[in-house]
There are 2 protein chains.
Amino acid sequence: MKTESTRVTSFDVAEKAGVSQATVSRALAGSTIISEATRDKVLQAARELNYHVDERAASLRQGRTRSLAVVLIARLDGAIDAVNPVAHAVLAAVLRSAGRRNLQALVSYQASEAEFAGDFPDRGLADGMIVIGTTANAAAWDYFRALDDGVRKVAYWGGASNDLAFVRPDNHGGARQLTEYLLSKGYRKPVFIGASDRYQQQFRERLEGFNAAMQAAGLTAQTIDTPDDLMREEQGRRAVDLLLDDGIDCDSIFAACDASALGAIEQLRRRGVRCPEQIGVVGFDGIAAGNHSFPTLTTVRADFDAAGEALVEMALADSPMSRRVPVSLVERESALGPKV
Amino acid sequence: MKTESTRVTSFDVAEKAGVSQATVSRALAGSTIISEATRDKVLQAARELNYHVDERAASLRQGRTRSLAVVLIARLDGAIDAVNPVAHAVLAAVLRSAGRRNLQALVSYQASEAEFAGDFPDRGLADGMIVIGTTANAAAWDYFRALDDGVRKVAYWGGASNDLAFVRPDNHGGARQLTEYLLSKGYRKPVFIGASDRYQQQFRERLEGFNAAMQAAGLTAQTIDTPDDLMREEQGRRAVDLLLDDGIDCDSIFAACDASALGAIEQLRRRGVRCPEQIGVVGFDGIAAGNHSFPTLTTVRADFDAAGEALVEMALADSPMSRRVPVSLVERESALGPKV
């Protein structure tokens, strides 16, 4: 009799069922060569021995891993709980999508150079790779750009570079819609605030959408460039200080992301400026904290479920093509209109 | 010459180096049987052929996976971006801790019964398992409790049951500290609000810490039980309605978690009650949204890094023992004292 600590193998099942090990393998893999009677015999023996197929061994024999590598890039200077909630939402959507396809997700957290690793497919660990993370970690993007030779199957969320295969929200369309919303509420002098780092492609797209809407309305677009090395909330606070201290003539703020918008709302309150009456604020992302600010934050939210699906499909595709996911306006209190 | 699509194997390296395949395996695994000269020859051949060890095959031969399974339990009714930020912080900490030990993390998102799976170690996919998630998904906990026969190596964050091996914050000590803080600020009639579901062990521990501090101060502890099937923010809103509508004599709220505290703050504002002057509010968790509420939320924050380390250690241990991680008070604006 086998002791509990010894693993039951397909050979044990074969012996008990009175068939060959190859027959056990075929029966458990669902091969149609095996008769129903034989399959039943094998299944019963497997049940009685409490035998589980070793899926890693099985997939190895089949020459594929049924796994996706998912890389979560974090800020080097951030706390463990300071990862952008958007990244977590995309990660959760990717995990759910992978689960639906019976794919495993090998997830790694990478912030420092010692942690950077993108060779999971080369090491036989995954069939494809998905990279999610902050553009603020330039060293990480340098690493992944150098790694991406066009041969590997990699899908990027956000995508610090337009050369890579990325999934992004409809940044241009969403920003245009948000700007039109601001104008429809009676604001006439919105200022766009955001960092224009070389890896910050998404903010650039949002700025272009903002500019397009302003131009279509015959209005002048104003912009404040914030340093990308600050945390996003702090960028919003600094932008408000700059606006107020320099006496810039504006009635609303379009922040390139929700975190900066929340920082701006906080700083307006500290400085005694009423939002939305004196200065309205909108963000972009749809993070949960926007529900709890005062006033609550009007923003644009990406379809995260669609993003998860798109990323998994792309990571498995032979020639991944960049894709956009739709966005929707979330109207709350922070830009309900200026008090005349 | 090999084409690009064909995988280089250890046999190719052996041929090029003029040694046996077994020697290549031993040399690359760092075996001391191999001479330095032979090892150098093998390494050079491997480099020239751009050979990567297939780590899945290698670990399979070694009889261990170098992988941890991580299960993220979500609410069945929640949006993909509504996963508790605490769960995401713990997940990130687990991923970082696993990375430090060169362990892979196989992460799965589980909300519906069709998704429940905890047999990763049985299937030869992982050396141990970590379960993180909401207690609000009772079906998931039923599943994992039934699965946990004490033989498997499983470590739970939070832990819906005291029979399981869990990592939890110092709930009792943290709640006691928070309550003492409330009293030190001049509040005398705090009410504890939280759900007392059978799987809600952490809230129960926080309630006990609250009761202990109140008793030590010679004060009467009041409690409002909220239904666990509501989202946590909504539980906070309902509790405020109940307090105000029933005219319960209280001057502060101790919410069992930050999300409920944020709901309470929001509802107090809607109903024209000033916080912290008329009613102070404290939460428990330390989620980022507490930075953006108005007033910002005073709370207790767990050491997530320590939680990640503890969970990974436990998942690999032969007889995992439950552990506590320290908490620290985060003082902000929501309980600065009643205006007399």
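Look through A:117, A:140, A:105, A:111 and report the one residue that is touching a residue at least 60 places away in the same chain (Cβ under 8 Å) and of a type outside the set (S, T, N, Q). Reasoning before the result, please.
On the way: A:117 fails: touching a residue at least 60 places away in the same chain (Cβ under 8 Å); A:105 fails: touching a residue at least 60 places away in the same chain (Cβ under 8 Å); A:111 fails: touching a residue at least 60 places away in the same chain (Cβ under 8 Å).
Answer to the selection: A:140.
Take residue B:139 and tell me if it is modelled with pLDDT of 85 or more, small (Gly, Ala, Ser) and in a loop (DSSP other than H, G, I, E, B). Explain how you work it out, then say what you get.
Values: modelled with pLDDT of 85 or more: yes; small (Gly, Ala, Ser): yes; in a loop (DSSP other than H, G, I, E, B): no.
In short, no.
With respect to residue B:146, determine if the residue is free of Cβ contacts under 8 Å to residues at least 12 places away in the same chain and either crowded, with 20+ Cβ neighbours inside 10 Å or under 22 Å from the mean Cα position of the chain (by Cα) (or both). Full working, then the answer.
Numbers: free of Cβ contacts under 8 Å to residues at least 12 places away in the same chain: yes; either crowded, with 20+ Cβ neighbours inside 10 Å or under 22 Å from the mean Cα position of the chain (by Cα) (or both): yes.
So residue B:146 passes the test.
In region A:67-113, how many residues are facing chain B (nearest Cβ under 7 Å) and assigned to a helix (DSSP H, G or I)?
Number satisfying all stated conditions: 8.
Among the residues of region B:269-280, count how many are touching a Lys or Arg at 6+ places or on another chain (Cβ under 9 Å) and in a helix (DSSP H, G or I). Explain how you work it out, then say what you get.
The initial filter retains those residues of region B:269-280 that are touching a Lys or Arg at 6+ places or on another chain (Cβ under 9 Å), namely B:270, B:274-278, B:280.
Now drop any that are not in a helix (DSSP H, G or I), which leaves B:270.
The total comes to 1.
Among the candidates A:221, A:213, A:217, which residue alone is closer than 23 Å to residue A:301 by Cβ, of a type in the set (A, V, I, L, M) and not assigned by TED's automatic domain parsing to the domain that holds residue A:160?
Numbers: A:221 fails: closer than 23 Å to residue A:301 by Cβ; A:217 fails: closer than 23 Å to residue A:301 by Cβ.
Step by step, each of A:221, A:213, A:217 is checked, and only A:213 is closer than 23 Å to residue A:301 by Cβ, of a type in the set (A, V, I, L, M) and not assigned by TED's automatic domain parsing to the domain that holds residue A:160.
For region A:232-252, check the following and say yes or no: at least one residue is assigned by TED's automatic domain parsing to the domain that holds residue A:180, closer than 25 Å to residue A:302 by Cα and touching an Asp or Glu at 6+ places or on another chain (Cβ under 6 Å).
no
Identify all residues within region B:235-250 that are more than 9 Å from residue B:191 (Cβ to Cβ) and in contact with a Gly (Cβ under 9 Å, 6 or more places away or on another chain); write none if there are none. Steps first, answer last, please.
We begin by selecting, within region B:235-250, every residue more than 9 Å from residue B:191 (Cβ to Cβ); these are B:235-238, B:240-242, B:244-247, B:249.
Residues satisfying the conditions are B:235, B:236, B:237, B:238, B:240.
Being in a loop (DSSP other than H, G, I, E, B) and within 14 Å of chain B (Cβ to nearest Cβ) is the filter here; which residues of region A:296-319 pass it?
Let us first name the residues in region A:296-319 that are in a loop (DSSP other than H, G, I, E, B), namely A:296-297, A:303, A:317-319.
If the condition is that a residue be in a loop (DSSP other than H, G, I, E, B) and within 14 Å of chain B (Cβ to nearest Cβ), then A:296, A:297, A:303, A:318 are the ones that fit.
Can you report the number of residues in region A:243-268 which are part of a helix (DSSP H, G or I) and under 31 Å from the mean Cα position of the chain (by Cα)?
Step one: list which residues in region A:243-268 are part of a helix (DSSP H, G or I), which gives A:243-245, A:258-268.
Still in the running and under 31 Å from the mean Cα position of the chain (by Cα): A:258-268.
Number of matching residues: 11.
Only one of (1) closer than 19 Å to residue A:70 by Cβ; (2) assigned by TED's automatic domain parsing to the domain that holds residue A:286 fails for residue A:182. Which number is that?
Result: residue A:182 fails condition (1) only.
Quick check: anything in region A:275-285 out of contact with any helix residue (DSSP H, G or I) (no Cβ under 7 Å at 6 or more places or on another chain) and within 13 Å of chain B (Cβ to nearest Cβ)? Quick ask: steps written out before the conclusion?
Our first condition is that a residue be out of contact with any helix residue (DSSP H, G or I) (no Cβ under 7 Å at 6 or more places or on another chain); within region A:275-285, this holds for A:276-278.
Filter again for within 13 Å of chain B (Cβ to nearest Cβ), leaving none.
No, the conditions are met nowhere in region A:275-285.
Can you pull out every residue in region A:76-102 that is touching a residue at least 12 places away in the same chain (Cβ under 8 Å), surrounded by fewer than 22 Cβ atoms within 10 Å (Cβ to Cβ) and under 24 Å from residue A:66 (Cβ atoms)?
Scanning region A:76-102 gives A:101, A:102.
Would you be able to say whether some residue in region A:287-295 is assigned to a loop (DSSP other than H, G, I, E, B), within 11 Å of chain B (Cβ to nearest Cβ) and buried (at least 24 other Cβ atoms within 10 Å of the Cβ)? Show your work before the answer.
Let us first name the residues in region A:287-295 that are assigned to a loop (DSSP other than H, G, I, E, B), namely A:287, A:292, A:294-295.
Filter once more, keeping what is within 11 Å of chain B (Cβ to nearest Cβ): A:287, A:292, A:294-295.
Now drop any that are not buried (at least 24 other Cβ atoms within 10 Å of the Cβ), which leaves A:287, A:292.
Looking through region A:287-295, at least one residue is assigned to a loop (DSSP other than H, G, I, E, B), within 11 Å of chain B (Cβ to nearest Cβ) and buried (at least 24 other Cβ atoms within 10 Å of the Cβ).
With respect to residue A:273, is the statement that it is modelled with pLDDT of 95 or more, crowded, with 24+ Cβ neighbours inside 10 Å and not assigned by TED's automatic domain parsing to the domain that holds residue A:85 true? Break it down into steps so the answer makes sense when it comes.
Working: modelled with pLDDT of 95 or more: yes; crowded, with 24+ Cβ neighbours inside 10 Å: no; not assigned by TED's automatic domain parsing to the domain that holds residue A:85: yes.
The answer is no for residue A:273.
Listed residues A:322, A:252, A:260; which is polar (S, T, N, Q), in contact (Cβ under 8 Å) with a residue 24 or more places away in the chain and within 14 Å of another protein chain (Cβ to nearest Cβ)?
Numbers: A:322 fails: within 14 Å of another protein chain (Cβ to nearest Cβ); A:252 fails: within 14 Å of another protein chain (Cβ to nearest Cβ).
The match here is A:260.
Looking at this structure, is residue B:183 part of a helix (DSSP H, G or I), without any contact (Cβ under 8 Å) to a residue 40 or more places away in the chain, more than 17 Å from residue B:158 (Cβ to Cβ) and hydrophobic (A, V, I, L, M, F, W, C)? Let's see the steps before the verdict.
Details: part of a helix (DSSP H, G or I): yes; without any contact (Cβ under 8 Å) to a residue 40 or more places away in the chain: yes; more than 17 Å from residue B:158 (Cβ to Cβ): yes; hydrophobic (A, V, I, L, M, F, W, C): yes.
Yes, satisfied.
Could you please find all residues in region A:13-39 being charged (D, E, K, R) and either part of a loop (DSSP other than H, G, I, E, B) or modelled with pLDDT of 85 or more (or both)? Working first, answer last.
So in region A:13-39, the residues charged (D, E, K, R) come out as A:15-16, A:26, A:36, A:39.
A:15, A:16 - these are the residues of region A:13-39 that are charged (D, E, K, R) and either part of a loop (DSSP other than H, G, I, E, B) or modelled with pLDDT of 85 or more (or both).
Would you check if there is a residue in region A:155-176 being assigned to a helix (DSSP H, G or I) and either aromatic (Phe, Trp, Tyr) or surrounded by fewer than 20 Cβ atoms within 10 Å (Cβ to Cβ) (or both)? Working first, answer last.
Residues of region A:155-176 assigned to a helix (DSSP H, G or I): A:171-176.
From what is left, the residues that are either aromatic (Phe, Trp, Tyr) or surrounded by fewer than 20 Cβ atoms within 10 Å (Cβ to Cβ) (or both) are A:173.
For region A:155-176, residues assigned to a helix (DSSP H, G or I) and either aromatic (Phe, Trp, Tyr) or surrounded by fewer than 20 Cβ atoms within 10 Å (Cβ to Cβ) (or both): present.
Does region A:199-229 hold any residues that are closer than 21 Å to residue A:141 by Cβ and without any contact (Cβ under 8 Å) to a residue 12 or more places away in the chain, and which are they?
A:204
Can you tell me which of (1) within 19 Å of residue B:294 (Cα to Cα); (2) surrounded by fewer than 22 Cβ atoms within 10 Å (Cβ to Cβ); (3) hydroxyl-bearing (Ser, Thr, Tyr) is the one residue B:223 doesn't meet?
Evaluating residue B:223 over (1) within 19 Å of residue B:294 (Cα to Cα); (2) surrounded by fewer than 22 Cβ atoms within 10 Å (Cβ to Cβ); (3) hydroxyl-bearing (Ser, Thr, Tyr) leaves (1) as the failure.
Sort through A:332, A:274, A:238, A:324 and tell me the only one that's under 27 Å from the mean Cα position of the chain (by Cα) and closer than 27 Å to residue B:268 by Cβ.
Working: A:274 fails: under 27 Å from the mean Cα position of the chain (by Cα); A:238 fails: closer than 27 Å to residue B:268 by Cβ; A:324 fails: closer than 27 Å to residue B:268 by Cβ.
Testing whether each residue is under 27 Å from the mean Cα position of the chain (by Cα) and closer than 27 Å to residue B:268 by Cβ leaves just A:332.
Looking only at residues that are of a type in the set (A, V, I, L, M, F, W, C) and not in a helix (DSSP H, G or I) in region B:217-242, which one is nearest to residue B:274 (Cα to Cα)?
Within region B:217-242, the subset of a type in the set (A, V, I, L, M, F, W, C) is B:217, B:219, B:221, B:224, B:230-231, B:239-240, B:242.
With not in a helix (DSSP H, G or I) added as a condition, the list becomes B:217, B:219, B:221, B:224, B:230-231.
On the way: B:217: 26, B:219: 24, B:221: 22, B:224: 20, B:230: 25, B:231: 24 Å.
Among them, the one singled out is B:224.
The values are calculated or read from the model by the stated rules, or taken from the named source; none is laboratory data. From a predicted model like this one, the values you see are computed outputs, not experimental measurements. Reconstructed Cβ throughout: ideal geometry from the backbone, glycine too, with neighbour counts over all protein chains shown.
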